[in-house]
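The values are calculated or read from the model by the stated rules, or taken from the named source; none is laboratory data. Source: prediction; values computed, not measured. Glycine gets a Cβ as well: all are built from the backbone with ideal geometry, and neighbour counts include every protein chain shown.
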Amino acid sequence: MTKRALITGVTGQDGAYLSQLLLNKGYEVYGLVRRSSTADVNDVRLRWLGIAENVRFVDGNLRDLSGLIRTLRDVKPDEIYNLAAQSFVKSSWQQPILTGEVTALGVTNILEAIRLECPGTRFYQASSSEMYGLIQEEMQSETTPFYPRSPYAVAKLYGHWLTVNYRESYGIHASSGILFNHESPLRGIEFVTRKVTDGVARIKLGLRNELRLGNIDAKRDWGHSRDYVEAMWLMMQQDLADDYVVATGRTTTVRDMCRIAFEHAGVSMDDHLVIDPDLFRPAEVDVLLGNPAKAQEKLGWRATTTLEEMIVEMVDADLKRLKR
Ligand code: NDP
Ligand code: GDR
């Protein structure tokens, strides 16, 4: 029988790659999209992958419980992937209440809709390495204590624990993927990797002269979104729901990530990179390094794309896009 998946956040980076993966596996893919005054769905990423026509859009918002209940009644999904969120950490200080309403309480809405309408549906929650924040252990695993450092991370921690709680309270097949940073040519322009690859491509083409960044000493464990959505799907295929860290096990400074992009484009980093104190955050997560041993052992998952390969792919995609 054809499986049916509902993805919230289908217009985002992960929503696009996950749609592609599920369509390739023969799923019927439904995507929750929020209405905007421009009539068209924001399907630019899905179009980039050539799959916009294959995703069935349903109107909805993570903040609207009754709409979610109606959607689940109509769609009757076998699997729900909750990727929707106010996902930009820096914005969460500017919009802490909105971040809480969507990124935290939105999880309650969708889990309540599942409990009331289709308790047999499997649920994936997009949790985040940001929950570790002020690091308690050198390598973070499923058992490392959390210490969130932004309104975003606090909201994600709520969503994570609610997922665990609905699993334990109601027996819902609800899994939480604690994903470390993952990027791609479809990454939003506000996130540091894409800001760098787009900026470097603009400098290379003579469209701009400088790239302004904040804290380039921060370290992140970066992987590719295409690899990470596979881990989401694998979690949903397990007999028992559980929580998994998804990471590469390698950490790199923003500075060194930047260097890969500049060197690939053949542009001098020293001549063009400017540090802007306004871009520093009120509280920083200095270093993240994930231990993916459990995902490797239980899901048979591992990251396949190196940081170098990914940054080169992103710079090339931005050069191509800008030349067009
Ligand atoms: P994006 O920011 O690219 O996508 C976010 C999505 O959420 C968009 O489709 C957006 O829709 C949607 N959305 C926002 N608010 C609402 C709302 N109120 N109702 C319905 N939809 C809404 O994020 P990513 O694809 O990068 O990440 C996917 C998820 O994984 C997010 O929850 C993120 O926090 C989490 N995560 C991401 C990591 C990463 O490194 N990428 C790492 C760990 C966790 P619209 O197009 O209308 O704005
Ligand atoms: P992050 O990603 O906050 O880790 O959250 P981001 O790319 O925004 O920042 C990574 C690190 O780079 C530093 N930095 C800058 N960041 C941005 N955006 N812009 C800059 O100019 C800049 N200069 C330095 C930041 O201070 C930070 O240390 C991402 C999101 O996808 C979350 O949704 C997800 O949960 C986590 O990854 C895991």
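Quick notes on this structure:
- Thr197 being crowded, with 23+ Cβ neighbours inside 10 Å, more than 10 Å from ligand 2 (Cβ to nearest atom), hydroxyl-bearing (Ser, Thr, Tyr) and part of a helix (DSSP H, G or I): yes
- Checked against (1) touching a residue at least 24 places away in the same chain (Cβ under 8 Å); (2) within 30 Å of Ser169 (Cα to Cα); (3) of a type outside the set (A, V, I, L, M); (4) surrounded by fewer than 20 Cβ atoms within 10 Å (Cβ to Cβ), Asp239 passes all but a single condition, namely (1).
- Members of segment 17-70 found to be over 25 Å from Glu101 (Cβ atoms) and charged (D, E, K, R), listed by number: Lys25, Glu28, Asp40, Arg47, Glu53, Arg56
- Within segment 299-324, the residues that satisfy the criterion of being of a type outside the set (Val, Ile, Thr) and farther than 16 Å from His264 by Cα are Leu299, Gly300, Trp301, Arg302, Ala303, Arg321, Leu322, Lys323, Arg324.
- Number of the exception - Ser176 against (1) within 14 Å of Ala241 (Cα to Cα); (2) surrounded by fewer than 24 Cβ atoms within 10 Å (Cβ to Cβ): (2)
- Only residues that are away from ligand 2 (no atom under 16 Å from the Cβ) and assigned to a strand (DSSP E or B) were counted across segment 168-193, and they come to 2.
- Segment 96-113 - residue that is surrounded by 21 or more Cβ atoms within 10 Å (Cβ to Cβ) and hydroxyl-bearing (Ser, Thr, Tyr) and, of those, farthest from ligand 2 (Cβ to nearest atom): Thr99
- Whichever residue in segment 40-72 is farther than 15 Å from Leu83 by Cα and of a type in the set (S, T, N, Q) and, among such residues, is surrounded by the fewest Cβ atoms within 10 Å (Cβ to Cβ): Ser66
- The sole residue among Glu101, Glu130, Glu117 that is over 24 Å from Ala231 (Cα atoms), within 13 Å of ligand 1 (Cβ to nearest atom) and among the charged types (D, E, K, R) is Glu101.
- Segment 30-71 - residue that is farther than 27 Å from Thr108 by Cα and β-branched (Val, Ile, Thr) and, of those, nearest to ligand 1 (Cβ to nearest atom): Val44
- Here Leu134, Leu111 are screened, and the one residue that is under 14 Å from Asp286 (Cα atoms), at pLDDT 95 or above and within 22 Å of the chain's Cα centre (by Cα) is Leu134.
- Residue match in segment 150-170 (condition: within 16 Å of ligand 1 (Cβ to nearest atom), assigned by TED's automatic domain parsing to the domain that holds Thr99 and farther than 30 Å from Ile69 by Cα): yes
- Enumerated helices (runs of 4 or more DSSP H) restricted to segment 217-275, each holding at least 3 residues that are hydrophobic (A, V, I, L, M, F, W, C) and touching a strand residue (DSSP E or B) at 6+ places or on another chain (Cβ under 7 Å): 225-236
- Selection status of Ser87, among the small types (Gly, Ala, Ser) and surrounded by fewer than 18 Cβ atoms within 10 Å (Cβ to Cβ): no
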